[in-house]
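Report on one structure; see the data block that follows.
The values are calculated or read from the model by the stated rules, or taken from the named source; none is laboratory data. Keep in mind that what you see is a predicted model, and the values were worked out from it rather than measured. Reconstructed Cβ throughout: ideal geometry from the backbone, glycine too, with neighbour counts over all protein chains shown. The accessibility values were calculated without ligands, DNA or RNA, using every heavy atom of the protein model including side chains. Shrake-Rupley method; radii C 1.70, N 1.55, O 1.52, S 1.80 Å.
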Amino acid sequence: RPRVLSGIQPTADSFHLGNYLGAVRQWVTMQETYDAFYCVVDLHAITVPHDPAELRRRSRVAAAQLLAAGLDPERCTVFVQSHVPEHAELAWVLNCLTGMGEAGRMTQFKDKSAKQGESAASVGLFTYPILQAADILLYQADRVPVGADQKQHLELTRDLGQRFNHRFGETFTLPQPHILKEVEKITDLQDPTAKMSKSSSSPQGILDVLEAPGTLRKKVMRAVTDTGTDVLADDDNKPGVTNLLRIQSALTGTPIPELEARYAGQGYGTFKKDVAEAVVEAFSPIRERTEKLLANEAELDRLLAIGAERAGAVARGTMATVRDRIGFLPRA
Ligand code: TYM
């Protein structure tokens, strides 16, 4: 079976609709046909200032949400990145193959560091994409299901894999991004030209998976729509309505033209109410299952230990080859 790997940061109290539609939902589908590895990337989460107790809590919430969203530990491997130390080890090797200029071109670093002031940003934030490349190459992933914002990191991953292969011999599979056009960039409800984002959206602009149904409904009803009254997809002139159409189409499986026809002549009100219901219907079961999973921490930790064991076995295999190819002396 071809291999898939993807990761998500435990940097908020909940995943949001962008994470869910852009990534996690594909993860659930892909566990059926791929040898799938999904990780909660806590090493990435410490590239910005963090609180240890909060990180621990959020890592469990993240793992619980993934299981609640439909990842089945019998059919895929769900694990926490820091449980497999080979991620950091391979990242070091790849750091040494990456040019400063090459790393400096990564736009996510530019965006995130601009917020803190570039000289206050950590070196870890600078090398973040290289750790991500290590996550992917370690598992010899063929496919990486992500949102559009990860395209550049995937290109770097392929470049680094290829560079290693050329210099030291065929070692890594070069991964393809798996990005679904219709959901690759879910936008902020209040600023529909910007992506919905844990770090930069306002609370009103973001729909959290674990949020109360009443709050979700309110936020959808208050979403910025556009002038006019027609429910039509038009990215240039109607980014707000278009985003809501994409959301509803993805959640209900109804093609956008069919939705446009259904709401013709009805204005935005009915449409928004239906979008709100679709979101609540998708999120409520995930929220309920997440709460149940979190109530039994020992069981959750046990599942993550099984995941770490399986992931570790693959990671150790790849690292043994890497150490040999690089010229590290075997330990007698
Ligand atoms: P993160 O934690 O920011 O986001 C997790 C996934 O959600 C996608 N996503 C979106 N998709 C559509 N619309 C949006 N508004 C939206 N916002 C987020 C992201 O593209 C991502 O797929 N660097 C990664 C984590 C990572 C990773 C990896 C991913 C670490 N190692 C290895 C893949 C493979 C990140 O910050 O994701």
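Details
- Local net charge near Arg158, Cβ-Cβ under 13 Å (Lys/Arg +1, Asp/Glu -1): -1
- Cross-link reach is defined here as a Cα-Cα straight distance under 26 Å, omitting same-chain residues fewer than 8 places apart; for Lys110 the lysines meeting it are Lys151, Lys181, Lys185, Lys195, Lys198.
- For a modelled paramagnetic label at Arg325, 7 Å from Cα along Cα-to-Cβ, the residues of region 1-25 in reach, with backbone nitrogen under 20 Å, are 2-6.
- The solvent-accessible area of Thr173, taken with every protein chain present and a 1.4 Å probe, is close to 40 Å².
- Accessible-area composition of region 180-247, carbon plus sulfur, in percent [1.4 Å probe]: 50
- Computed on protein heavy atoms with a 1.4 Å probe, the accessible areas place Phe15, Phe168 in the order Phe168, Phe15, largest first.
- Heavy-atom accessible surface of region 1-73: percent carbon and sulfur, 1.4 Å: 53
- Average accessible area per residue (Å²) across region 221-332 - probe 1.4 Å, nucleic acids and ligands excluded: 55
- Per residue, in Å², the accessible surface of region 1-56 once ligands and nucleic acids are set aside, probe 1.4 Å: 37
- Here the extension length gained between Arg163 and Thr33 equals 43.9 nm, from 0.36 nm per residue of separation less the Cα-Cα distance.
- Relative to one another, the C-alpha centroids of region 205-226 and region 1-80 are positioned 23 Å apart.
- Straight-line reach from Lys219: taking Cα to Cα under 19 Å and skipping same-chain neighbours fewer than 8 places apart, the aspartates and glutamates in range are Asp13, Asp188, Asp191, Asp208, Glu211, Asp274, Glu277, Glu281.
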